[in-house]
Amino acid sequence: LAGKGAPPRSLEWTREELEHGQVAEEALQDLAGRMQEAGVSFSLTKSVEDFYQLDLATEASALVLDSASSSTAEVPQSPWTTLKCRHLTQLGWQVEWLPVRRWELMDEEERQALGERLGKRRSRQNVTLDGELRADHKQGFAPFSCLGGSSARAETRALVLLRALGSLLHRHLKQTWIFAELCAMDTWMQRQLEELECLQAIYCEEGQFRLDGEARDALSKDGPPVSLAVRVFDSDMGRVRLAAVLPKGYPGEGFAPVVWLEPEASGPSKVLHVAEDEDLCGRLQEVAQAANGEECLLQLIQEAEQLIRTWVEDVAVAEAAEAAEDGEDAEDPGVLDLDLHAVQRKCEGGRLGRRAMFSHHIIAPSKRQAIKQWAMQLDLGGLAKVGWPGVIIVEGDERNVAAYVDALSRLRWKHFVVRGEQMIDAAPGVCLDSLRVLPTPLREYPPDAMSEFSAHCRNLGVEELFLAALKIGGGESGSTRGAKKGKKR
């Protein structure tokens, strides 16, 4: 069957095709015998419009045997078979699609039912590619009466128009519409399937490659676009995946995949913010757009790996630089002590102050210690979210708040700014502590707890300061209010 040098897999395919061919031949012989017994006229290997070959055809029905699809398939696996069934239906045939593997599993009762369906005489309208319109029962048939006027005249004009258009269509159909649609569908689906199978072979370890559903099922013409994710970073800092959605038509020209980065839910979350980096995701999408008409998933995976490694290296450099500055930042606690000597906290009267501060990041242990320790020394309450970005919201005696902000500003920061403030004047006899809403001592939130931090700010009534810190519309950048008997006006 094949040369001595043929690979084993090719021999296996050849044997499988022969087996399916034998089963298909047995199925046709069985059904032909049933047609003869029932007195139903039929033909084998009937040609339709010099384009399609029917395995078995009766007056109204066409049997299409499929050796590529599984016994449980709901639609043909091959796009050629799909379009064949679709176009035969449009030409007026009542198509019976039968996977060869399903025939092998059918019992006698099911095979008899199939023969009866094929042999049942049904009137059908037959539309040919040259534009002629016929019917098995012509009596009283007036398909163009809806055009108005004389029914015979309307029919005549419509038939003349159909013949003219049909002649033009018949000359060009085979080399344009049908072939173009068949070849386009078969090409991109096959290329997409081969690329996915290649990636599955490369990233074969557990958890490395995730495909939503089976590739062959997802590539059916009526199925959703293929979604996949590949792990591109895995270390003690966490895991990151490159996710992609492949549109119908990819990798054809004009069909670029949509890609983004996402952290895995399990494990450490130190790299959580790499997925939120719009610059990284934008660069990956540019790579996808540049590969117009070419497979690009492996290139995107390699590009993502390189971008994340660079990002991690930059973070390590930043942490090392802050660690080197830790000693300088905290070497002279007397600076804050001098400010404390000048502050005389009063229990009654005065002004309650609040500040919302934003930092590019809060990583260094020395800074985190200073944020909490100095707030405690100045009797300030507040909330702090460390990591990328860093947000601090504090409240207390206005003079103590001002001293706190001044002390933090003297540390070395990549970016540190006060973006929101509130001041509430307490009436004589009203204690400032009765106006407080933030927890004491200051509470710290980890890098991946921005949503919890936001919710707590909202519950405590300082959401405006939180929004101002992040420069989100609606945040309050500054206000001064009065208070009486411990209540805000």
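The values are calculated or read from the model by the stated rules, or taken from the named source; none is laboratory data. Keep in mind that what you see is a predicted model, and the values were worked out from it rather than measured. All Cβ positions, even for glycine, are placed from backbone atoms using ideal geometry, and neighbour counts span all protein chains on display. Surface accessibility is based on the protein's heavy atoms, side chains included, excluding ligands, DNA and RNA. Shrake-Rupley method; radii C 1.70, N 1.55, O 1.52, S 1.80 Å.
Open to solvent by less than 50 Å² (accessible area, probe 1.4 Å), under 43 Å from the mean Cα position of the chain (by Cα) and either over 19 Å from Leu91 (Cα atoms) or at pLDDT 85 or above (or both) - does that describe any residue in region 24-43? Yes.
Scanning region 420-449 for residues that are assigned to a loop (DSSP other than H, G, I, E, B), touching a Ser or Thr at 6+ places or on another chain (Cβ under 8 Å) and open to solvent by less than 60 Å² (accessible area, probe 1.4 Å) returns a single hit, Pro447.
Taking into account only those residues within region 234-251 that are crowded, with 18+ Cβ neighbours inside 10 Å and modelled with pLDDT under 85, which is farthest from Leu196 (Cα to Cα)? It comes out as Met237.
Do the conditions hold for Leu411, that is, is it touching a residue at least 12 places away in the same chain (Cβ under 8 Å) and either assigned to a strand (DSSP E or B) or under 14 Å from Ala356 (Cβ atoms) (or both)? When the stated conditions are applied, Leu411 does not pass them.
Here Ile301 clears all of (1) at pLDDT 90 or above; (2) open to solvent by 20 Å² or more (accessible area, probe 1.4 Å); (3) in a helix (DSSP H, G or I) except the condition numbered (2). A search for C-beta distances below 8 Å between a residue of region 459-484 that is charged (D, E, K, R) and any residue that is at pLDDT 85 or above and in a helix (DSSP H, G or I), counting only pairs 6+ apart in sequence or on different chains, returns Glu463/Ser454; Glu463/Cys457; Glu476/Glu464; Glu476/Leu465; Glu476/Leu467; Glu476/Ala468.
Quick check on region 49-77: of everything there that is charged (D, E, K, R) and not in a loop (DSSP other than H, G, I, E, B), which residue is surrounded by the most Cβ atoms within 10 Å (Cβ to Cβ)? That would be Asp66. For region 376-411, the set of residues classified as open to solvent by 10 Å² or more (accessible area, probe 1.4 Å) and under 18 Å from Asp448 (Cα atoms) consists of Trp388, Pro389, listed by residue number. Which of the residues belonging to region 387-404 are over 42 Å from the mean Cα position of the chain (by Cα) and closer than 19 Å to Leu467 by Cβ? The one that is over 42 Å from the mean Cα position of the chain (by Cα) and closer than 19 Å to Leu467 by Cβ: Glu395. Look at region 23-52: where a residue is closer than 25 Å to Arg101 by Cα and a partner is part of a strand (DSSP E or B) and open to solvent by 60 Å² or more (accessible area, probe 1.4 Å), sitting 6+ places away or on another chain with Cβ atoms under 7 Å, you get Leu28/Leu44; Ala32/Leu44; Thr45/Gln53; Ser47/Gln53.
Of Lys367, Lys414, all but one fail to be open to solvent by less than 10 Å² (accessible area, probe 1.4 Å), among the basic types (Lys, Arg) and more than 20 Å from Cys457 (Cβ to Cβ); the exception is Lys367. When Lys46 is tested against the conditions (1) surrounded by fewer than 20 Cβ atoms within 10 Å (Cβ to Cβ); (2) in a helix (DSSP H, G or I), the lone failure is (2). Give region 201-214 a look and list any residue that's open to solvent by 70 Å² or more (accessible area, probe 1.4 Å), touching a helix residue (DSSP H, G or I) at 6+ places or on another chain (Cβ under 8 Å) and either modelled with pLDDT under 85 or within 15 Å of Ser227 (Cα to Cα) (or both), or say none. Asp212 - this is the single residue of region 201-214 that is open to solvent by 70 Å² or more (accessible area, probe 1.4 Å), touching a helix residue (DSSP H, G or I) at 6+ places or on another chain (Cβ under 8 Å) and either modelled with pLDDT under 85 or within 15 Å of Ser227 (Cα to Cα) (or both).
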